[in-house]
Every structure is written in C-alpha cells, then in structure tokens.
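Nothing in this text is a laboratory measurement; each read-out follows from the coordinates by a stated rule. All values reported here derive from a predicted model rather than from experimental measurement. Cβ coordinates were reconstructed from backbone atoms using ideal geometry, including for glycine residues, and neighbour counts include every protein chain displayed.
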Amino acid sequence: ETGVTQTPRHLVMGMTNKKSLKCEQHLGHNAMYWYKQSAKKPLELMFVYNFKEQTENNSVPSRFSPECPNSSHLFLHLHTLQPEDSALYLCASSKGRDSLTNEKLFFGSGTQLSVL
Amino acid sequence: QKEVEQNSGPLSVPEGAIASLNCTYSDRGSQSFFWYRQYSGKSPELIMFIYSNGDKEDGRFTAQLNKASQYVSLLIRDSQPSDSATYLCAVIRGSASKIIFGSGTRLSIRP
C-alpha cells in the first residue's frame with residue numbers, strides 16, 4: 001500500500017462516545033498533520049508532529065487528543081464531541097525537517113465524521 | 001482580514017480557454033506558496049508550488065507570484081472538463097512555518 005491511508009472513511013458517533021481516527025503514511029516522511037475541513041470554510045490546521053514531536057497545537061479543544069507513536073502513524077482520539085465537530089478530518093504528511101518551510105503536503109482520503 | 005483570501009466562485013470557463021485563479025495573503029513574511037486541487041469528495045492534491053517572484057510553468061499550469069503585492073495566481077491553459085474542481089491556495093508563513101489555506105475557488109469548465 002502506498003501514500004497516506006486513513007481509517008475509518010466514515011464515522012458516526014454520539015456525543016458521549018470515544019473513538020479514534022487512524023492515519024498511516026508509507027512515504028518515508030517525518031512530519032504528520034491533522035486538518036479539519038468544514039463546508040464553506042478553509043482547511044483548519046489542528047496538530048503538527050515533526051519527527052514525532054508535537055510542534056503545533058492550533059488552539060484545539062481538549063476533546064481532541066493526538067498521538068504520534070512513530071513517524072509513520074498518527075492518531076486522533078475523540079471524546080465527548082459536539083455536533084459542530086462534524087466535518088471531514090484529513091491527515092497529511094510531508095518530508096519534515098528543522099523548519100517546515102517549503103513542505104509539500106500529501107493528504108489521505110479523510111474521515112467523514114458525524115456527531116449526533 | 002483573512003490570512004489567505006480567495007474568491008469562492010464558482011468560476012465558469014469554456015473548454016479550451018485560460019482559467020485564472022487568484023489568491024492574496026496578509027503576512028508579508030510568507031515564504032512558500034502552493035496550489036492544491038480538490039475534486040468533490042476527494043482529498044487535496046498538490047499541483048504547483050512557487051517560492052520566488054515571477055512565473056513558474058509546469059505543463060498547462062503557470063503559477064505567478066508577486067510578493068510586493070502579496071498576490072499569487074494560477075493560470076490553467078487549454079482548460080479541460082477534468083480541471084473542474086476546487087483550487088486551494090496555501091501559504092507558509094515565515095514566522096512559524098505554519099501552512100495556512102484559503103477557502104478555495106470552485107472552477108467549472110463548460111464544454
């Protein structure tokens with residue numbers, strides 16, 4: 001398998017559930033990202049990991065908890081979400097380095113999340 | 001003021017014509033500029049990047065950057081129906097190496 005894969009593709013959860021999104025990249029990259037895409041809004045950067053260290057937390061509520069056990073895997077743990085959290089969650093990777101300037105992103109197919 | 005601004009469209013262009021997509025950004029220290037294409041129901045894919053003032057050509061695509069005017073554009077020559085998609089402008093701010101996306105411009109190529 002190549003590129004960036006995300007599972008599940010679709011997820012429906014209640015506000016009291018706990019679930020996790022998974023992302024795996026097979027590109028040999030060292031930086032991984034979580035983005036949120038809502039209708040009519042720009043892609044919102046949530047978290048960045050560069051060489052397994054979190055380098056960006058874009059004021060994301062604590063009900064979203066990222067985990068990056070190694071450079072190939074990234075998780076987003078979800079708990080007590082709100083209906084407004086319903087969106088497409090996209091994982092991306094890039095080569096990664098001291099500075100993330102000039103980084104080209106490779107996206108996974110995304111997880112379409114619905115919170116009831 | 002939004003950090004990266006794009007006209008949401010839809011922009012309708014006849015097949016074979018030149019499609020011109022525009023993007024402005026607010027941070028004068030921005031260093032790197034990207035265009036991603038996103039088909040409906042799919043994830044974004046990188047199609048062009050530009051770092052220096054001027055034009056950069058790749059096949060039917062030309063990216064243009066004017067840092068003095070804080071303006072970046074994408075030209076698509078000989079537009080094809082398969083070019084119909086949303087085009088996202090992305091900018092990396094110099095201060096934090098943070099990638100910021102615009103809302104995207106929806107392009108429709110009519111046969």
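Kirkwood hydrodynamic radius of chain B, from the reciprocal of the average inverse Cα-Cα distance over all distinct pairs: 13.9 Å. Put simply, the C-alpha atoms of chain A give a gyration tensor, and the ellipsoid matching it has half-axes of 23, 14, 13 Å, longest first. Placing one identical point scatterer on every Cα of the protein assembly as shown and ignoring solvent, what is log10 I(q)/I(0) from the Debye formula at q = 0.14 Å⁻¹? Scattering profile of the protein assembly as shown, log10 relative to I(0): -0.89.
All alpha carbon pair distances within the range A:37-89 were sorted into 5 Å bins beginning at 0; the resulting P(r) in whole percents reads 4, 18, 26, 26, 17, 7, 2.
Hey, what's the per residue convex hull volume over the C-alpha atoms of the range A:1-52, in cubic angstrom?
Numbers: hull volume 6.4 nm³, N = 52.
Each residue corresponds to 122 Å³ of Cα convex hull volume.
Across the residues of B:28-38, average count of Cβ atoms on other protein chains within 10 Å?
Partner-chain Cβ atoms within 10 Å, mean over residues of B:28-38: 2.
Between A:Ala39 and B:Ser20, the distance separating the two model label sites (each 7 Å from Cα on the Cα→Cβ line) works out to 3.3 nm.
Here r is the Cβ-Cβ distance between A:Arg9 and A:Lys104 and R0 is 25 Å; the resulting FRET efficiency, rounded to 0.05, is 0.55. Taking 4.7 Å between beta carbons as the limit, the unpaired Cys residues of the protein assembly as shown are A:Cys68. A Stokes-Einstein calculation at 4 °C with viscosity 1.567 mPa s, built on the Kirkwood radius of the range B:25-71 over Cα pairs, returns a diffusion coefficient of 110 µm²/s. Peptides A:61-69, A:17-25, A:88-96 ranked from most to least packed, by the mean per-residue count of other Cβ atoms within 10 Å: A:88-96, A:17-25, A:61-69. Amide H contacts for B:Met48 (H built 1.01 Å from N in the peptide plane; partners 5 or more residues away or on another chain; cut-off under 5 Å): B:Trp35.
Mean per-residue shielding of peptide A:103-110 is 5, counting Cβ atoms of other chains within 10 Å of each Cβ.
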